[in-house]
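The structure under discussion appears below in the form of structure tokens.
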Amino acid sequence: MSEAKNSWTYAQSGVDIEAGNALVRRIAPIAKATRRIGADTAIGGFGGLFDLKACGYQDPVLVAANDGVGTKLKISIETGIHDTIGIDLVAMSVNDLVVQGAEPLFFLDYFATGKLDLDVAERVIASIGKGCQMAGCALIGGETAEMPDMYKTDDYDLAGFAVGAVERDAILPSKTTGPGDVLLGLGSSGVHSNGYSLVRRLVKQAGLDWNDEAPFQPGTSVARALLEPTRIYVKPILEVMRSLGGIKAMAHITGGGFIENMPRVLPDLCVAEIDLYACAVPSVFKWLAHVGGISEAEMLRTFNCGIGMVLVVEADKAHDISEAFRAQGETCVTLGWLQDGTGRDADEHGKRAWVDTRGKLDLTWRGQ
């Protein structure tokens, strides 16, 4: 058979198989550093293995979650700061797992790009590994896709997939959740990973460059301040659950804020009353509200406004639980309580669990 006159290779189409293989070799030590009980095999196979029996569960139920980072990625791409974005990726999934009482066990990542840059990819995946260590889960595999026709050369996108386990009789929310329970809020580390399409627009409107000093965080660039990674609450929450108990339900406060996330874990005919005065609003949110002229209602439905996780706890254990979180370095405040909502009509979506807010967020921007 004669050789074709125009013989193409995969590399000529923009996909470098050797670069992909080189990346696997580079990230092997990163994955190894996240090993835990149940996961001690090397990456590189067709699938990641996890030995659930080795973890000692008696009657486990698996819990899975997946998420991305959203347009926060654009800041990393435009500034070349890639050493924290993977923590966000892990956080968005493992924080969703722990609200159901689950311990995150393992994590898988998906990294897609227009042109594989080994240094960039390694830094991103190293930050994913760091996030896994913070959450106590193993990075057991993933996928790297080089797609020149889908992405610009320097662009990349991320997706993450986490699996955890919880004993069947410990699944949250508890069926005993109801009126009289206390609401505790755990402080956020900043904007986390929601609302960045609006954040980026407001930075541009304010005439700021990513390298400029952040008006809301003196001594730090705008990019670094806004790339502060999402707080991972897994270890402190699991520690409190195991040592004290008393946690009946939790809500990860992401897009939609209190109003949309709290009803997801409340029983029917139950009202969560939240005192907004209890929320110490970080400067970044005050600045965003000031620059964009954003109303309190819009802030509450777009951003976490300083509270990244809400816990519903037994009233007689609320003080001890708060102190236990503070001892682990978490900011913990009493936000309110649950009340009986009997007699109230369902909302326009047919939901019969509500969130009422009283007081006001302090969104006044006084500058620095």
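The values are calculated or read from the model by the stated rules, or taken from the named source; none is laboratory data. It should be emphasised that the depicted structure is a prediction, and the values quoted were computed from it without experimental measurement. Don't worry about glycine lacking a Cβ; one is built from the backbone with ideal geometry, like all the others, and counts go over all protein chains shown. In case anyone asks, the SASA skips ligands and DNA or RNA and just uses the protein heavy atoms, side chains included. Shrake-Rupley method; radii C 1.70, N 1.55, O 1.52, S 1.80 Å.
Things to note:
- Where a residue in region 172-197 is under 22 Å from Gly341 (Cα atoms) and open to solvent by less than 20 Å² (accessible area, probe 1.4 Å) and its partner, wherever it lies, is among the small types (Gly, Ala, Ser) and assigned to a strand (DSSP E or B), with Cβ under 7 Å and at least six apart: Leu172/Ala249; Thr177/Ala249; Leu183/Ala272; Leu183/Gly336
- Scanning region 155-170 for residues that are more than 12 Å from Phe111 (Cβ to Cβ) and in contact with a helix residue (DSSP H, G or I) (Cβ under 6 Å, 6 or more places away or on another chain) yields Ala162, Gly164.
- Verdict on Ala121 being part of a helix (DSSP H, G or I), small (Gly, Ala, Ser) and farther than 20 Å from Leu226 by Cα: yes
- Filter result for Gly101 (open to solvent by 40 Å² or more (accessible area, probe 1.4 Å) and over 24 Å from Asp149 (Cβ atoms)): no
- Some residue of region 235-244 being of a type in the set (S, T, N, Q), within 29 Å of Phe325 (Cα to Cα) and not in a strand (DSSP E or B): yes
- Residue in region 310-325 that is more than 15 Å from Ile259 (Cβ to Cβ), open to solvent by less than 20 Å² (accessible area, probe 1.4 Å) and aromatic (Phe, Trp, Tyr) present: yes
- When region 1-45 is filtered for residues that are under 20 Å from Leu108 (Cβ atoms), assigned to a loop (DSSP other than H, G, I, E, B), at pLDDT 80 or above and open to solvent by 40 Å² or more (accessible area, probe 1.4 Å), the ones remaining, listed by number, are Ala33, Arg35, Ile37.
- The selection criterion, being among the basic types (Lys, Arg), within 30 Å of Tyr57 (Cβ to Cβ) and open to solvent by 20 Å² or more (accessible area, probe 1.4 Å), does not hold for Lys152.
- Here the condition is being in a helix (DSSP H, G or I) and either in contact with a helix residue (DSSP H, G or I) (Cβ under 9 Å, 6 or more places away or on another chain) or modelled with pLDDT of 95 or more (or both); of Ile274, Ile259, Ile294, it holds for Ile259 alone.
- Among residues of region 255-275 that are farther than 18 Å from Met92 by Cβ, those with a Cβ under 6 angstrom from a residue that is of a type in the set (Ser, Thr, Tyr), sequence gap 6+ or separate chain, pair up as Pro267/Thr177; Leu269/Thr342; Ile274/Thr357.
- Per the listing Asp83, Asp149, Asp157, Asp109, the residue uniquely farther than 30 Å from Asp356 by Cα, at pLDDT below 95 and not in a helix (DSSP H, G or I) is Asp149.
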